[in-house]
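Below is one structure; the comments refer to it alone.
Where a number appears in this text, it was derived from the coordinates with a stated rule and is not lab data. Please read these numbers as outputs of a predicted model, since none were measured by experiment. Cβ atoms come from the backbone with ideal geometry, glycine included; neighbour counts cover every protein chain shown.
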Amino acid sequence: MQERRIPGGELLFWVAFSWGACTFFPVGVAYAHMLFALACIGVGWRQRLPALRQGMLLWPMAMVLAWTMLALVFGAWFDDSATRLFHIVRVLLLLLMGMSLSRSEATMAIGGFLVGAVLAAMIVAVHHVWGLPPLTIWNSLLKSRQNFSSGNMIMMAIGASLFFHFGLRNDQKWIDRKVAWGAAAALLATVAAHAISRNAQILLPMLFAVAILYHFRAWRAVLGGLILAGVMVLGALQWSATTQERFGEMVEEAQRVVTAEDYTTSVGERWRMHEEAIRGMMAHPIFGTGLGSWLPRWRVVAQESIESLSPEKRFDHVEINNPHNDFLLAGMETGIPGMLALVWMLVAFLVAGWRQRSTAGGVTVIMAAGLAVTALVNAPLRDAALGMTLLFLLGASVAGHKAP
């Protein structure tokens with residue numbers, strides 16, 4: 001059956017592809033695509049509205065917004081309150097934008113992302129062989145630029161997992177098995193050998209295991225997925241100097257937390273921030289400490305451990321604007337109900353994909369799992385550089401469930 005023509009759809013078809021393909025470019029490019037896509041969706045919003053009537057997804061999304069507003073009403077106002085409200089509205093808007101796409105537009109968005117992932121891996125490979133000039137457009141791919149680089153490698157890990165999923169499914173409407181597994185191997189090698197993001201390196205074996213479980217749907221698949229994940233971890237630790245170095249640093253930093261109470265390293269900061277977020281949530285379990293309250297609380301706590309840091313590093317340590325865990329951030333600022341609403345929303349996307357038993361459903365499961373795991377160790381729901389395009393693509397993956 002041919003899809004109905006929707007006003008603005010012809011342009012949105014290509015904007016969706018371009019947004020996916022530009023995943024690995026600076027965040028300003030994503031914002032530009034968001035505005036273009038929003039304009040296209042707005043032209044035909046009446047025709048797109050029925051596609052959003054999915055109670056299983058809309059109820060938890062509405063709950064996230066409703067409880068956030070309640071916490072805002074009953075809590076104090078902070079300098080960051082307006083900014084945090086914007087972050088939450090942006091998360092829901094990006095998901096809704098993706099969900100409002102037609103099936104063909106959603107396929108173009110996912111396809112664009114996969115093309116962009118392969119091109120990004122090629123850029124990294126060319127840089128390692130010949131060297132590339134430090135242009136802004138790709139510089140975050142080639143060297144560490146904090147969240148920008150971490151976000152790129154997280155998305156590349158998700159791209160590798162999607163290609164692996166397509167190889168398992170061997171669905172000719174998407175991509176040939178040999179091509180899919182070849183692309184998966186290329187992206188896997190890029191993350192293992194090039195990425196300094198531990199988040200991405202942890203995510204990769206976990207999502208490969210999720211793809212196996214989704215495809216086979218049996219307890220043996222769980223065992224097979226765990227074995228594959230273990231082999232990938234051991235292989236990376238054996239042959240990737242970057243992985244060895246990064247995880248060696250993590251072990252050393254964890255030891256310094258336990259033996260010397262050093263909270264100035266990456267692991268130490270996370271440890272202390274998680275403690276503070278949990279403390280705030282337990283002290284104010286219903287409506288939380290207030291939307292935007294994280295930074296004022298952390299500045300006080302961070303002062304306790306800055307004596308050994310240089311003035312430049314002191315500023316970076318004291319001004320960390322989130323606890324690197326979106327669930328704990330929601331729990332601290334909006335209370336336990338706010339955190340549970342967020343969990344409900346992500347679980348709803350996982351369930352929506354799981355029930356499909358299709359290639360498109362697996363895309364949703366892998367993306368939702370990738371977002372959930374990343375939210376445990378970082379802030380993709382707060383930081384646009386980490387999660388903006390992923391949220392749009394997650395919504396688009398649900399639109400891909402629609403009957404052709």
Region 224-273: D in µm²/s via Stokes-Einstein (Kirkwood Rh, Cα pairs, 25 °C, 0.890 mPa s)? 203
Binned at 10 Å from zero, the C-alpha pair distances of region 29-186 give percents of 9, 26, 31, 25, 9, 1
Based on C-alpha coordinates, I'd like the Rg and Dmax of region 101-242, in Å. 15.5, 49
Identify, among PHE74, ALA32, LEU376, the residue whose Cα sits farthest towards the positive end of the charge dipole of the chain, taking +1 on the Cβ of Lys and Arg and -1 on the Cβ of Asp and Glu, with the dipole about the Cα centre. ALA32
Over the alpha-carbon set of region 181-250, divide Rg by the Kirkwood Rh and report the Rg/Rh ratio to two decimals. 1.00
Could you estimate the translational diffusion coefficient of region 312-404 from the Stokes-Einstein equation, with Rh from the Kirkwood formula over C-alpha pairs, at 4 °C and 1.567 mPa s, in whole µm²/s? 91
Which value, in debye to the nearest 20, gives the size of the charge dipole of region 204-338 about its Cα centre, when Lys and Arg are +1 and Asp and Glu are -1 at the Cβ? 600
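Only helical DSSP H runs with n ≥ 4 go in: add -39500 (n - 2.57) per run for the chain, normalise by residue count and round the 222 nm mean residue ellipticity to 500 deg cm²/dmol.
Values: 18 runs with 307 residues, N = 404.
Computed ellipticity for the chain at 222 nm equals -25500 deg cm²/dmol.
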Which of the peptides 197-206, 169-178 is most tightly packed, and how do the rest follow, judged by the mean count of other Cβ atoms within 10 Å per residue? 197-206, 169-178
List the lysines whose Cα lies under 24 Å from the Cα of LYS402, skipping any in the same chain that are fewer than 8 positions away. LYS173
From phi via Karplus (6.51, -1.76, 1.60), per-residue ³J(HN,Hα) for region 298-303 in Hz, x at Gly/Pro: 5, 4, 5, 5, 5, 4
Kirkwood hydrodynamic radius of region 49-108, Cα pairs, Å: 13.1
Return a whole-number percent for the relative contact order of the chain, with Cα pairs under 8 Å and 6 or more residues apart as the contact set. 25
Exposure-ranked with fewest Cβ neighbours within 10 Å first, GLU275, GLU304 stand as GLU304, GLU275
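Taking neighbour counts of Cβ atoms within 10 Å as a proxy for exposure, in what order, fewest first, do GLU307, GLU249, GLU333 appear?
Taking fewest neighbouring Cβ atoms as first place, the list is GLU307, GLU249, GLU333.
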How big is the charge dipole of region 292-347 about its Cα centre, in debye rounded to the nearest 20, if each Lys and Arg gets +1 on its Cβ and each Asp and Glu gets -1 on its Cβ? 100
Using +1 on the beta carbon of Lys and Arg, -1 on that of Asp and Glu, and nothing else charged, what's the dipole of the chain about the Cα centre, debye to 20? 1620
Once you wrap a convex hull around the alpha carbon atoms of region 270-368, what is its projected area averaged over all directions, in nm²? 7.7
Convex hull volume per residue for region 7-72, taking Cα atoms only, in Å³: 130
Over region 45-155, what is the mean sequence separation of C-alpha contacts under 8 Å (at least six apart), divided by residue count, expressed as relative contact order in percent? 22
With x for Gly and Pro, the residue-by-residue ³J(HN,Hα) of region 281-296, computed from phi through the Karplus equation 6.51 cos²θ - 1.76 cosθ + 1.60 at θ = phi - 60° and given in whole Hz, is 5, 5, 6, 9, x, 8, 10, x, 7, x, 5, x, 8, 4, 4, x
Arrange the following residues from fewest to most other Cβ atoms within 10 Å of their Cβ: THR242, THR136. THR136, THR242
